[in-house]
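All remarks here apply to the structure that follows.
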Amino acid sequence: MVKTTVAAVVTPDSGNRRSVLLTRRSVSPFMGLWCLPGGHIDDFEAIDDAVRREVFEETGLDFTPEQQLGWFEEIFPEHRFHAVALAFRGTGIGTLRPQPEEVSQIGWFALDEALEMRLAFNHTLVLQSYARSLTP
């Protein structure tokens, strides 16, 4: 079955949209790769609640989704993974507290640097979409 997930492009504030938060995965699939905060939507959970929860669980930040960036199909047969990711942009407030069960490292990256990295899932496509949204 196809799963529905959420992904968040988190910026430190609305005035600094060229800095994004990435987490390094400590679980499979894609263990060791950097990615956007996010994860699965729980049964009967609203999408906005899911993205807020996932960002908080993985980073310790309170996330306010400000814009939906779109949906991104993620098909990785080698990992037995098929999902549709709903991506959002917004700001994160609070103190970074990575959760070691899922995240081994966490950090702010310049958008241009993040776009050059090998990211888990289809998160490079999400960041490319986000970067296009910044261009007038």
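Coordinate-derived values only; no laboratory data. What you see is a predicted model, and the numbers here were worked out from it, not measured in a lab. Counting neighbours? That spans all protein chains shown, and the Cβs are built from the backbone with ideal geometry, glycine included.
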Sparse-neighbourhood loop hits (chymotrypsin sites (Phe, Trp or Tyr not before Pro), the range 36-89; DSSP loop; Cβ within 10 Å at most 11 others) -> PHE44
If one builds a Gaussian network model of the chain from Cα atoms under 10 Å apart, the most fluctuating residue listed among GLY107, GLY15, GLY39 is GLY15
Labelled set (i) 9.9; (ii) 8.4; (iii) 7.7; mean projected area of the Cα convex hull in nm² computed from this model equals the value at (iii)
Of all DSSP beta bridges having both residues in the chain, the percent classed as antiparallel (nearest 5) is 70
So GLU113 and GLU73, fully extended at 0.36 nm per residue minus their Cα-Cα distance, gain in nm 12.1 nm
Magnitude of the Cβ-charge dipole (Lys and Arg +1, Asp and Glu -1) of the range 3-134 about the Cα centre, nearest 20 debye, reported as 360
Proxy exposure order for LEU96, LEU134 (fewest C-beta within 10 Å first) is LEU134, LEU96
Restricting to Cα pairs under 8 Å and 6 or more apart, the percent relative contact order of the chain works out to 33
Highest GNM mean-square fluctuation among ARG80, ARG89, ARG18, for the chain with Cα springs under 10 Å, belongs to ARG80
Everything considered on the Cα gyration tensor (a ≥ b ≥ c; rounded for a/c under 1.5, else prolate if a/b is larger than b/c, else oblate), the range 30-107 must be described as oblate
